[in-house]
1. What is the gain in length, in nm to one decimal, between residue 161 and residue 23 on full extension, counting 0.36 nm per residue of separation less the C-alpha to C-alpha distance?
2. Can you tell me the dipole magnitude for the chain around its Cα centre, using point charges on the Cβ only (Lys, Arg +1; Asp, Glu -1), in Debye to the nearest 20?
3. Any idea of the accessible area per residue across the chain, 1.4 Å probe, to the nearest Å²?
4. Could you check the simple spin-label distance between residue 54 and residue 147, using points 7 Å along Cα→Cβ, in nm with one decimal?
5. Once ligands and nucleic acids are excluded and a 1.4 Å probe is used, how much of residue 3 is accessible, expressed in Å² to the nearest 10?
6. Say R0 is 30 Å: what FRET efficiency, to the nearest 0.05, do residue 123 and residue 102 get from their beta-carbon distance?
7. Between the alpha-carbon centers of region 1-21 and region 92-170, tell me the distance in whole angstrom.
8. For the chain, what class follows from the C-alpha gyration tensor (a ≥ b ≥ c being the square roots of its eigenvalues): rounded when a/c is under 1.5, otherwise prolate if a/b is larger than b/c, else oblate?
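The values are calculated or read from the model by the stated rules, or taken from the named source; none is laboratory data. These numbers were taken from a predicted model, which means no experiment stands behind them. FYI the Cβ positions are ideal-geometry reconstructions off the backbone, even for glycines, and counts take in every protein chain you see. With ligands, DNA and RNA removed, areas are computed over all heavy atoms of the protein, side chains included. Shrake-Rupley method; radii C 1.70, N 1.55, O 1.52, S 1.80 Å.
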Amino acid sequence: MLKLIAMAVFSIAIGILSFKFELNVSYVDYKDYCTVLLAVSGMVFTIMGIWIAFVYPNAIKRLQDPDKIKTADFTSTLQDTRRLESIVGSVLESATVATGITLVFFAKLILGGTALYKGHHLLFESSGMAFVVFLTLMQSSAVFGVIWSNYLFIDDLHTRRETQERHNDF
């Protein structure tokens, strides 16, 4: 939650600076940039979807049999659960970004030709800048979640390999 608040405060500050200095960014530039954000969302959905398919069955497997719940060691399940939480968090962040971009395009479609938009063009542009900065920060967080999950997976593989090698040495 603190991360979202920090991102929102930073984004609002950028929006205010954009308004104060009358930054003029064309809709075409926004559209091109939002297309990139959508492509990154697609990448996160794909990679993390594969991760969810891989990790989720491992995290739930022990909970399917009620007899195993009494004696099961949930240490690895807890690790899988934490990894799953991180993965789902990244997917949710990317889904929010994709939805936000859809709302930006829809707002432009609906408001673009109105007198309200024309009369307060700079305010709308500055608000759009703040929102796109927020979406960028959120998407960056999702991408770093992908990177972190992959790092943890590789680290886990190395740990398991080393444990197996030590076990085989005996």
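1. Length difference between fully extended and current span is 44.2 nm.
2. Computed about the Cα centre, the dipole is about 320 debye.
3. Values: 11160 Å² over 170 residues.
Here the residues of the chain average 66 Å² of exposed surface.
4. 1.8 nm
5. Here the residue's solvent-accessible area equals roughly 110 Å².
6. Details: r = 22 Å, r/R0 = 0.72.
Using R0 = 30 Å, I get an efficiency of 0.90.
7. 16 Å
8. Since a/c reaches 1.5 and a/b is larger than b/c, the shape of the chain is classed as prolate.
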